[in-house]
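Okay, handing you the structure first.
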Amino acid sequence: MDDLERAILISFDESGAVDSALKLQALAFCQQVKEAPTAWQICIERLGFTKLPQVQFWCLQCLYEVVSSRYAAMSSEEKAFVRESVFKMVCYEPVDEKNLVRVLDAPGYVRNKLAQVLATLVKFEYPVVWSGVFVDLLPHLSKGVELIDMFCRVLNRLDAELIDAESHGSDEVTTLAVASRVKDAMRQQCVPQIVRVWYEVVSSYKNSNSEICIAVLECMRKYIAWIDIGLIANDVFVPLLFDLVLGEGLDEQLRGAAASCLLAVVSKGMNFQSKLALLQSLRMNRIFSLVSRERESEFKSKVAILLAGYGAEILLCFVKLNSEEARGVSMELLEEVLPSVLRVMQNCEADLAIKIVEFLSGYVDSIKSLSPTSLSEKQLVHVGQILEMIRMHICYDPDYRHNVDVLDKIGQEEEDRMSDIRKDLFSLLRNVGRVAPEVTQIFIHTSLVNAVSSPSEKNVEEVEAALSIFYALGESISEEAMKNGNGFIGKLVPMLLSTKFQCHSNRIVALIYLETIMRYTKYVQENTQYIPMVLTVFLDDRGIRHPNVSVSRRASYLFMRVVKQLKANLVPFIEQILQSLQDKIAQFTLDISSKEFSGYEDGSHIFEAIGILAGMEDVPLEKQSEYLSALLTPLCQQVQTLLMNAQAEPVQISSTHIAIIQQNVMAINALSKGFSERLATSIRPTIGLMFKQTLDVLLQILVVFPDIEPLRNKVTSFLHCMVGILGPAVIPYLPKALDQLLNDCEGPKEMGNFLILINQLTKFRTSILDIMEEVFPIIVGRIFSVLPSDPFPTGPGSNTEEIRELLNLQKTFYAFLHLMATNELSSVLISPKSRVYLDQIMQFLLSSSRHHKDISVRKSCVQIFVILIKEWYATPHCEEKVPGFRNFIMERFATDCCLYSVLEKSFNLHDAATDILFGEIVTAQKVMYEKFGDDFLNHLLSRAFPATQCPQNYAEQYCQKLQQTTDFKALKSFYKSLVENLKSQQNGSLVFR
């Protein structure tokens, strides 16, 4: 063993016994040999006498790299030597007479590497230089299976390197050109001979050497896509493939390989009329029985994939061909294969199931287009089979019943898996429901009747599936049909309302039951006699009192939605509902020391439902006041008690006590959502007074617990509701509330939340002028200290939580400034306390109006400027309300935003949103002329337009239009034409500073 072999063996060692320094030395030595000019020669010589697989593999890898990267630089003699040597190795011959080692005796991974070397040579030399590579190789196959195996490896490698790359849309022009060259030459020269060899090998060895037959068939499968299909789809080869598939005594892998070849045949791209003739000639029905007869195996899976592919191809022919005869033949073939495809669906892998569902959806569409009035008896049978298949596949596995019920990790995974499966299946169900409504309704009715009558808890999965199908179908039923309730809905909804399944304690059954009742509530809305039954469902142990907490919480939410939908019909039932919910309401006012408290925050939905009922104007005032007092008083009293305790002994206040306060505020907040401003201020001020008293209590939380963010958020949320309910009556409470909320409100997230509240308050306009003058400078100062002066980063790593919070704050700040301007509060910007920030605000708005990437933000900024111009300049030549503002508007805003920005390449006048912004800019110019008169026109003519290299006559024409035109559309159109002309003249070369 010489140094090279030792180095190769050391470099391949993975045992850990070799010293790392020695291994690095060996790798360096191998790399040195690889980079030598004669590396190819060293490798070929070494392959002539070494029998060490590692050394053989290294030499072939080195040879492959040399051929791939340095082949063009080699002389013609050197290239010929390489070709001859590699060809000898492939043909099971020694490289020369002295060294008799045959590389084909090496392990498979070495032979694969040899195949890669030959395929690379083919890529460079075939057919121009080395035209006989395949023709010369074929006679050697008679030497035995070693040569046949090697030939398959070469073809497989060639497919991977060139042909497959082409079929998968490689964008390398060179690869596509080489692939076309090789394929064209092979088709013309040797493909028929290769196909003949494939046939002879499979025929000869099918009973004696299945391994070599499998190799040939796998190779053939790859080539069918681009060779002449007539070479395979004929009276010789097709019978052989079917014999293999149907040969029960044969190796199953061999049978599966033959099935894969048939799939390649049926999937062959061709003219659809020819494809239909091919599919018809195959007589595929002879293998249909295999999917029911064969045990579960890889072979059966291959047959299943074949049938699914065959069905999909038939369906494609049906869609693409227009003649009645062709569509009739397609439909016959479809209906012939459909039962077998449905049998396949009973137990198949997820990937295949998706393809089958796609096929079945296509089949359903096809029968709809073929039979617009009525379906044939056979088609009705198939529709029924499809529905049964859907029901079977949406059933949970009983083995996971406990896991899904408690929803542990395994149960969650199973639920997620079923959710994915059901998306396509439910889409298919709705499709079937549209094509065959009567069959679908009978099927669902039967499934639900069987579920209702099921006496055993063992049928959890069947009951859940029946309910899920009824629920899913409801998505495609129109609102009108739902309300009217045809015989189908009119039978099933009352039946479900009166049903309590044996397995109702199971989580998934209880949840889908409630969701289904919710979905069909529109029927109850029109058939009010069922309202008591609906209420009973949600208020007993099928709903809010279900033993499973996740079910009871979901029931609370769905009950709130039901109340919203049926509220006009629920006034007579309010007493009954409140009485039934008394224990749930009481959970919110448990004794502070009670150990039962568990943070039942989902109860907010119950309070929201009660608020919706109690807040209706149809409820008598006395009753309304009684209900509201009964709910608000204990909640407020508990909050007051805890606040007093916290002030007296702050150390004694635990996290549980804080959680109780938070929960109580949340309950009050949810309750208040059912009341309107009209009711609380105009019609029944007594109700408004009760909410004012509540607000007095809850605002104390901000004083006692100023630093606890969850409490601040809950109180802020309640304040939002009170703005909506009390209207201007809430204003006296604002100074104290805003002062408390501004404390410790420093970060972007907190400032953003605070601004959202302020934005809501701007609707009170000048009524809150004094308040805004106090808080505005504080808000602006903090925002400018937080927002970066530079643009936000983009690209990888920029989507951090901090950046998102800053972006949200900036967006809310734009809205704040816009609302200030549009709600007659612009004077706040020039109040004594705020003037210090005026220049910073103007620069911020100016920069945003020109450069912000969000067009809607730029539009808002332009609108703000227009309002400020109108409000701060009543008439032309009036005394300046804001010194310097007029010059700023003309010299900066009119120039930078209204002229320079529209000339930039990024300003796309053909974009709809940008066109709206452009309209606002034209409006701004019109307003500037109205307020500033000739001074504005002189500025445009003497400074602004000349800076853009605008011809003087263009500028003068536009100024005349501004003076004379009253038609805004005409003015906008003229300015757009001017801008487009300037852009075309400048060709994007003008840069404004």
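The values are calculated or read from the model by the stated rules, or taken from the named source; none is laboratory data. Nothing here was measured: the structure is a model prediction, and the numbers come from that model. Positions of Cβ are generated from backbone atoms using ideal geometry, with glycine treated the same way; all protein chains shown enter the neighbour counts. Accessible surface is based on the protein model in full, side chains and every heavy atom, while ligands, DNA and RNA are left aside. Shrake-Rupley method; radii C 1.70, N 1.55, O 1.52, S 1.80 Å.
Lysines within cross-link reach of residue 926: Cα-Cα under 27 Å, excluding same-chain residues under 8 positions apart?
853, 859, 870, 881, 905, 961, 969, 972, 976, 983
How far apart, in nm, are two points set 7 Å out from the Cα along the Cα-to-Cβ line at residue 346 and at residue 569?
The modelled label-to-label distance comes out at 4.5 nm.
Further question on the same structure: Using a Förster radius of 60 Å, what is the FRET efficiency between residue 21 and residue 248 based on their Cβ-Cβ separation? Nearest 0.05, please.
0.50
Let me ask another. If you count only protein heavy atoms with a 1.4 Å probe, what accessible area per residue comes out for the stretch 824-865, rounded to a whole Å²?
42 Å²
Can you tally the net charge around residue 819? Count Lys and Arg as +1, Asp and Glu as -1, for every other residue whose Cβ sits under 15 Å from the Cβ of residue 819.
+2
On full extension of the chain, what length is gained from residue 739 through residue 267, given 0.36 nm per residue of separation minus the C-alpha to C-alpha distance?
Result for the pair: 162.6 nm of gain on full extension.
List, in order, the whole-Hz ³J(HN,Hα) value for each residue of the stretch 11-22 obtained from phi through the Karplus relation with A = 6.51, B = -1.76, C = 1.60 and θ = phi - 60°; use x for Gly and Pro.
Values per residue, Gly and Pro as x: 5, 7, 5, 10, 6, x, 7, 8, 4, 4, 5, 5 Hz.
Give me the net charge of residue 578's neighbourhood, meaning all other residues with Cβ under 12 Å from the Cβ of residue 578; Lys, Arg count +1, Asp, Glu -1.
-1
Still on this structure, I have one more. Taking R0 as 51 Å, what FRET efficiency do you get between residue 916 and residue 561 from their Cβ-Cβ distance, rounded to the nearest 0.05?
0.85
Using DSSP loop states and a limit of at most 15 other Cβ atoms within 10 Å to flag GluC sites (Glu not before Pro), what is the longest stretch of the chain containing no flagged site?
618-745
Sort 51, 378 by accessible area with a 1.4 Å probe, largest first.
The residues order as 51, 378, largest area first.
So what's the gap between the Cα centers of the stretch 707-729 and the stretch 17-35, to the nearest angstrom?
73 Å
Further, regarding this structure: Please state the equivalent ellipsoid semi-axes for the stretch 1-115: what are the square roots of 5 times the Cα gyration tensor eigenvalues, largest first, in whole Å?
Here the semi-axes work out to 24, 17, 11 Å.
Further, regarding this structure: Pull up the cross-link candidates among the aspartates and glutamates for residue 98, meaning alpha carbon to alpha carbon under 14 Å and not fewer than 8 places away within one chain.
45
Send over the Kirkwood Rh of the stretch 233-370, from the inverse of the averaged 1/r over different Cα pairs, rounded to one decimal Å.
15.1 Å
So, one more: Between residue 707 and residue 457, take the C-beta separation as r, use R0 = 51 Å, and let me know the FRET efficiency to the nearest 0.05.
0.50
Residue 319: accessible area at probe 1.4 Å, nearest 10 Å²?
In the full protein context, residue 319 sits at about 90 Å².
Percent relative contact order of the chain, based on C-alpha pairs within less than 8 angstrom and at least six residues apart?
4 percent.
Continuing with this model, one more query. Whole-Hz Karplus ³J(HN,Hα) for the stretch 719-731, in order, using 6.51 cos²θ - 1.76 cosθ + 1.60 and θ = phi - 60°, x for Gly and Pro?
Rounded to whole hertz, the list is 4, 4, 5, 5, 4, x, 8, 8, x, x, 5, 7, 4.
I need the Kirkwood Rh of the chain: take the reciprocal of the average 1/r across all distinct C-alpha pairs and report it in angstrom.
37.2 Å
Let me ask another. Using label points projected 7 Å from each Cα along Cα→Cβ, tell me how many nm separate residue 963 and residue 177, to one decimal.
About 6.6 nm separates the two model spin labels.
Hey, rough spin-label estimate for residue 235 and residue 293, points 7 angstrom out along Cα→Cβ, what's it come to in nanometres?
My value for the distance between the label points is 2.6 nm.
What three numbers, in Å, describe the spread of the alpha carbons of the stretch 373-520 along their principal axes, ordered from the longest?
Here the Cα extents, ordered largest to smallest, are 49, 31, 28 Å.
Another question about this same structure. Among the lysines, select those whose C-alpha is under 25 Å from the C-alpha of residue 714, and discard any that sit fewer than 8 residues away in the same chain.
564, 584, 595, 673, 692, 736, 749, 763, 811
Still on this model: Pull out the extension gain between residue 533 and residue 285, defined as 0.36 nm times the separation in residues minus the alpha carbon to alpha carbon distance; nm, one decimal.
That pair, residue 533 and residue 285, stretches by 83.9 nm at full extension.
Follow-up question, since we're still on this one. Please label the shape of the stretch 572-744 as rounded, prolate or oblate, based on the square roots a ≥ b ≥ c of the eigenvalues of the alpha-carbon gyration tensor (a/c under 1.5 means rounded; beyond that, a/b larger than b/c means prolate, else oblate).
It comes out oblate by the Cα gyration axes.
Given Cβ point charges of +1 (Lys, Arg) and -1 (Asp, Glu) and nothing else, what value in debye, to the nearest 20, does the dipole of the stretch 572-744 about its Cα centre take?
Approximately 260 debye in magnitude.
Can you give the relative contact order of the stretch 373-520 as a percent, counting alpha carbon pairs under 8 Å and 6+ residues apart?
Value for the stretch 373-520: 27 percent.
Starting at the first residue of the stretch 691-699, write each ³J(HN,Hα) from the Karplus equation 6.51 cos²θ - 1.76 cosθ + 1.60 with θ = phi - 60°, in whole Hz, x for Gly and Pro.
6, 4, 4, 5, 4, 4, 5, 6, 5
Whenever you get a sec, compute what percent of the accessible area on the chain sits on carbon and sulfur atoms (1.4 Å probe).
50 percent
Hey, another quick one. Only Cα pairs under 8 Å and at least 6 apart count here; give the relative contact order of the stretch 572-744 as a rounded whole percent.
Relative CO of the stretch 572-744 lands at 25 percent.
Let me ask something additional. Just how many pairs of Lys in the stretch 373-520 have C-alpha atoms closer than 26 Å, counting pairs that are eight or more places apart or on different chains?
So the count of such lysine pairs works out to 9.
Calculate how steeply helix 173-189 sits against the longest principal axis of the alpha-carbon atoms of the chain, using the helix alpha-carbon long axis, and give the answer as 0 to 90 degrees to the nearest 10.
Orientation of helix 173-189: about 30 degrees from the principal axis.
Also, I was wondering about something else. Report the extension gain between residue 160 and residue 38 in nm, rounded to one decimal, defined as 0.36 nm multiplied by the number of residues separating them, less their alpha carbon distance.
41.1 nm
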